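Worksheet for the structure shown next.
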Amino acid sequence: MNVFTSVAIRAIFAYIALFALTRIMGKREISQMSFFDYTVGISIGSITANLALDRTQSFLSILPALIVFCVFEILLSYISLKSVTFRRIVDGSSTILVKNGKVMERALFKTRMNMDDLMIKLREKNAFKLADVEFALLEPDGQVSVLLKSNKQSVTPSDMNIQTQYMGLPDMVIEEGRIIGDRLREKELTQSWLMAKLAEQGVYDLSKVMYAQVDTSGNLYVDFYDDSENKKQESTANQLILTKLQKLSSDFASYSIETQNPQVKILYKECEDKINSMINTFQNYVNKRSNKNNLYEITKERSGKH
Amino acid sequence: MTVSKKLKSTLSTLEGILADFNSSYMESQDESDKQMFKGLAKDTADILQKVTDRLSCIEEQESQ
C-alpha cells in the first residue's frame, strides 16, 4: 500500500474514533474546563494525530492509549460526581480574590495573579471601578465571577415593584416551509390554529415561510424567504382595506337613494362622505408607502450593480 | 335582502376595518402614520355607531 492511501485510511479511522469517543465524553469537558481537563484534551488530540500519522506504529497499538485517556476522563467525572473531597482535589475550588471590596493579596499571590490580571478580569465583567466590587472569585475554570455592591447593581423590575408577565422560551414552529408538529403539540397548539394565525398576517403559502416562532403569549413572528414578501403582504392587505372602503361607500350611496325618510337619507349621505374622505386619506398613505418601497428597490438595485 | 340584513353585513365589514386600523395603529412605527390610523379608526367607530343606532331603530319598527 502506498503512503498516501495508508495515511488517508488511518486518518479516516482516527477521525471516526475521535468522534465516537468525544461524543461519549459529552459536553461537560468544554463547559467546565479546568486546567487539567484542558491538558487532557490536548493530549487526546495529539494521540489522535499520532494515530493518523505515525506509520511506524500500527493503528491498533496506539488506539488503546486514546481509549484509556477517554475512559479515565469519564471515570474521573463520575467519581467527582459522587465524592465531594475527590471533586475538590480534581477540579479545585474557587478562590476569593476580592472580599467586601478589599483585595485579598494573599489569595492573589497563591493563584499567581497580579493586580493587572485581576483588573483585566474585572473589566471583562464590566466592573471598571474596584470600589464597586463586593466579591470577586476565581473559578476553577479560570473565569472570574463578580458580585457588584448592591447599590451598583442594575435595577430589575422587581426592585421597582413592576409586575411582569410570564415569558417562557419562544418556540420555532415552522422551519424552511415545514411545520414542526412536535413543537406545536408540546405547546398544545393545532395546525389549524397556526394556519389561522398565518392567514391573519396574509400568508397562505407555507413554502414562502422560512421561519416562524411563537412566544408564550401566542404571538407569531414570521420570516419569509423573499424579504420583499413582507412589503407585498402589506400592500395586498392595504389594497383589501381600500376595496372594502369603496364597497362601503357605494353601499351607503345606494342606501341613501333607497330610503324614503329624509332624515335617514342625510345620515347615510354623511356616512358616505366620511367614508370617501377616509378613502382619500388611506389612498395617500398607500401611495406614500409604495413610493417609499419603490425607492428602496431602486437604490437596492443600484447598489447591487456597483 | 331586507334593509336590516344589508345593514348587518355593512356593520360586520365596518368592524373588520376597525380591527384592521387598530392593529395598523399598534404596529406602525412612524408617529404621523400612527395619528392617521388613529383618526381613521375613530371615523370608522363613528360610522359604526351611526349604523348600529339606525339598525336598532329599524329592528324596533319591524317588531311592532
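Taking 41 Å as R0, compute the FRET efficiency from the Cβ-Cβ separation of A:Ala237 and B:Asp53 and round it to 0.05. Write down the numbers at each step before the final one.
Details: r = 30 Å, r/R0 = 0.73.
That pair, A:Ala237 with B:Asp53, gives E of 0.85.
Explain nothing, just compute: Karplus ³J(HN,Hα) = 6.51 cos²θ - 1.76 cosθ + 1.60, θ = phi - 60°, for every residue of region A:89-104 in order, whole Hz, x for Gly and Pro.
5, 6, 8, x, 10, 7, 10, 7, 9, 10, 10, 6, x, 10, 6, 8
Excluding A:Phe252 itself, calculate the net charge of residues whose Cβ lies under 15 Å from the Cβ of A:Phe252, where each Lys or Arg counts +1 and each Asp or Glu counts -1.
Working: positive: A:Lys244, A:Lys247, A:Lys265, A:Lys269, A:Lys274, B:Lys6, B:Lys8, B:Lys50, B:Arg54; negative: A:Asp251, A:Glu258, A:Glu270, A:Glu272, A:Asp273, B:Asp43, B:Asp46, B:Asp53.
It works out to a net charge of +1.
Take chain A, mark every one of the GluC sites (Glu not before Pro) that falls in a DSSP loop and has at most 13 other Cβ within 10 Å, then report the longest stretch left between them, sites excluded. Write out the running numbers ahead of the final one.
On the way: sites that count: A:Glu176, A:Glu188.
After excluding every exposed loop site, the longest remaining stretch is A:1-175.
Taking DSSP loops as anything outside H, G, I, E and B, show the longest stretch in chain A free of chymotrypsin sites (Phe, Trp or Tyr not before Pro) there with at most 12 other beta carbons within 10 Å. Before the final figure, lay out each step's value.
Values: sites that count: A:Phe128, A:Tyr166, A:Tyr204, A:Tyr225.
Longest site-free region, per DSSP loop and neighbour criteria: A:1-127.
Just to check I understand the Karplus step: with θ = phi - 60° and J = 6.51 cos²θ - 1.76 cosθ + 1.60, what whole-Hz values come out for region A:4-18, glycine and proline as x?
These are the phi-based 3J(HN,Hα) values: 4, 5, 5, 5, 4, 5, 4, 4, 4, 5, 4, 4, 5, 4, 4 Hz.
Using +1 at the C-beta of Lys and Arg and -1 at the C-beta of Asp and Glu, which of B:Leu48, B:Ser24, B:Gln35 has the Cα lying farthest in the positive direction of the dipole of chain B?
Ranked along the dipole, the leading option is B:Leu48.
Work out from phi, with θ = phi - 60° and the Karplus expression 6.51 cos²θ - 1.76 cosθ + 1.60, the ³J(HN,Hα) of each residue of region A:206-221, listed in order in whole Hz, and give x for Gly and Pro.
Couplings: 4, 5, 7, 8, 7, 7, 9, 10, 10, 9, 5, 9, x, 7, 10, 10 Hz.
Relative to the longest principal axis of the C-alpha atoms of chain B, give the angle of the C-alpha long axis of helix B:31-63, reported between 0 and 90° and rounded to the nearest 10°.
10 degrees
Rounded if a/c is under 1.5, else prolate if a/b is larger than b/c, else oblate: which is region A:43-104, with a ≥ b ≥ c the root eigenvalues of its Cα gyration tensor? Present the calculation step by step, with values, prior to reporting the outcome.
Numbers: a/c = 6.98, a/b = 2.33, b/c = 3.00.
Cα axes put region A:43-104 in the oblate bin.
Residue separation times 0.36 nm, minus the C-alpha to C-alpha distance between A:Val103 and A:Phe19: what's the value? If you can, show how the numbers build up before the last one.
On the way: separation 84, 0.36 × 84 = 30.24 nm, distance 4.43 nm.
Gain in length upon complete extension: 25.8 nm.
Considering the dipole of the protein assembly as shown built from charges on the beta carbon (Lys and Arg +1, Asp and Glu -1) around the Cα centre, which of A:Gly45, A:Val146, B:Ser9 is farthest to its positive end?
Farthest towards the positive pole: A:Gly45.
Give me the 1.4 Å probe accessible area per residue for region A:1-83, excluding ligands and nucleic acids, in Å². Write out the running numbers ahead of the final one.
Values: 5650 Å² over 83 residues.
Per-residue accessible area for region A:1-83 comes out at 68 Å².
Counting only protein heavy atoms and rolling a 1.4 Å probe, how much accessible area do B and A lose on contact, total for both sides, in Å² to 100? Kindly include the intermediate steps, with their values, before the conclusion.
Details: alone 4780 and 21870 Å², together 24670 Å².
The contact between A and B buries close to 2000 Å².
Given the options A:Ile275, A:Leu242, A:Leu220, identify the residue whose Cα lies farthest towards the positive end of the charge dipole of chain A (+1 on Cβ of Lys, Arg; -1 on Cβ of Asp, Glu).
Result: A:Leu220.
Once fully extended, how much extra length lies between A:Lys244 and A:Glu124, figured as 0.36 nm per residue of separation less the alpha-carbon to alpha-carbon distance? The partial results should precede the final answer.
Details: separation 120, 0.36 × 120 = 43.20 nm, distance 5.80 nm.
In short, 37.4 nm is gained.
For every helix of n ≥ 4 consecutive DSSP H residues, a contribution of -39,500 (n - 2.57) applies; sum these over the protein assembly as shown, divide by its total residues, and give [θ] at 222 nm rounded to the nearest 500 deg cm²/dmol. Show your work: numbers first, answer last.
On the way: 13 runs with 242 residues, N = 370.
So the helix-based figure for the protein assembly as shown works out to -22500 deg cm²/dmol.
Any chance you could check region B:35-62 for residues losing 50 Å² or more of accessible area when the partner protein chains are in, compared with the chain on its own (1.4 Å probe)?
Going by heavy-atom accessible area, the residues of region B:35-62 that drop by at least 50 Å² are B:Met36, B:Leu40, B:Ile47, B:Lys50, B:Arg54.
Please work out whether region A:115-181 counts as rounded, prolate or oblate from its C-alpha gyration tensor, where a ≥ b ≥ c are the square roots of the eigenvalues and a/c under 1.5 means rounded, while otherwise a/b larger than b/c means prolate and anything else oblate?
The shape class here is oblate.
May I ask you to list the lysines whose Cα is less than 28 Å away from that of A:Lys125, ignoring any residue fewer than eight positions away on the same chain?
Qualifying lysines at Cα under 28 Å: A:Lys27, A:Lys99, A:Lys102, A:Lys110, A:Lys149, A:Lys152.
Only sites in a loop by DSSP and with at most 16 other Cβ atoms within 10 Å count here; which trypsin sites (Lys or Arg not before Pro) in region A:16-120 make the cut?
Numbers: sites: A:Arg23, A:Lys27, A:Arg28, A:Arg55, A:Lys82, A:Arg87, A:Arg88, A:Lys99, A:Lys102, A:Arg106, A:Lys110, A:Arg112; in loops: A:Lys27, A:Arg55, A:Arg112.
Here the trypsin sites (Lys or Arg not before Pro) that fit, given the DSSP loop and packing criteria, are A:Lys27, A:Arg55, A:Arg112.
Please report, in debye to the nearest 20, how large the charge dipole of chain A is about its Cα centre when each Lys and Arg carries +1 at its beta carbon and each Asp and Glu carries -1 there. Display every interim value, and only then the final one.
On the way: 38 positive and 35 negative charges, 154 e Å.
It works out to roughly 740 debye.
Region B:25-64 to region A:3-74: how many Å between their Cα centroids?
When both Cα centres are located, 73 Å separates them.
May I ask for the distance between the Cα centers of region A:226-275 and region A:154-195, given as a whole number of Å?
Distance between centres, Cα-based: 37 Å.
Indicate the gyration tensor shape class of region A:56-199 (rounded, prolate or oblate), computed on the Cα atoms with a ≥ b ≥ c the square roots of the eigenvalues: a/c under 1.5 is rounded; otherwise a/b larger than b/c is prolate and the rest oblate. Each step should come with its number before you reach the end.
Working: a/c = 2.81, a/b = 1.18, b/c = 2.39.
Taking the square roots of the gyration eigenvalues as a ≥ b ≥ c, region A:56-199 is oblate.
Expressed as a rounded percentage, what relative contact order does chain A have, with Cα pairs under 8 Å and six or more residues apart? All intermediate terms of the calculation are to be shown ahead of the outcome.
Details: 267 pairs, mean separation 28.2, N = 306.
Worked out over chain A, it gives 9 percent.
The values are calculated or read from the model by the stated rules, or taken from the named source; none is laboratory data. These numbers were taken from a predicted model, which means no experiment stands behind them. For neighbour counting, all protein chains shown are included, and Cβ atoms are generated from backbone atoms with ideal geometry for every residue, glycine included. Calculation scope for accessible area: heavy atoms of the full protein, side chains included, ligands and nucleic acids excluded. Shrake-Rupley method; radii C 1.70, N 1.55, O 1.52, S 1.80 Å.
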